[in-house]
Structures are given as structure tokens and as C-alpha cells.
């Protein structure tokens, strides 16, 4: 899983809507994990 600009934007949108790291990882798919989402978010 790599962080493309599109995936980063999707992360920002979902995070802004109040989704958890686990929820965002499931929505992104393609090997995204809770930890990878949280690492990118912070």
C-alpha cells in the first residue's frame, strides 16, 4: 500500500468526518491498516 495524493485526500476527508483509523483503513482497502492510517494522520 502506498500513499498517493488521492489516498491522502480521502484520508483527510474521512478523518474530518470523524471516522476512526480502523474505519478509514477498511474504506481505503488495498492493505491499509489502522496503524498506517494513524501514522499518516499524525
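None of the figures in this text is laboratory data; all of them are computed from the coordinates on show. On a predicted model such as this, the values are computed, not experimentally measured, just so you know. Neighbour counts are summed over all protein chains in view; Cβ atoms, including those assigned to glycine, are modelled from backbone coordinates with ideal geometry.
Summary of computed values
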read-out: Cα-projected label distance for residue 22 with residue 8, points at 7 Å along beta-carbon direction, nm; value: 2.8
read-out: Relative pair counts by distance (%), Cα atoms of the chain, 10 Å bins; value: 34, 64, 2
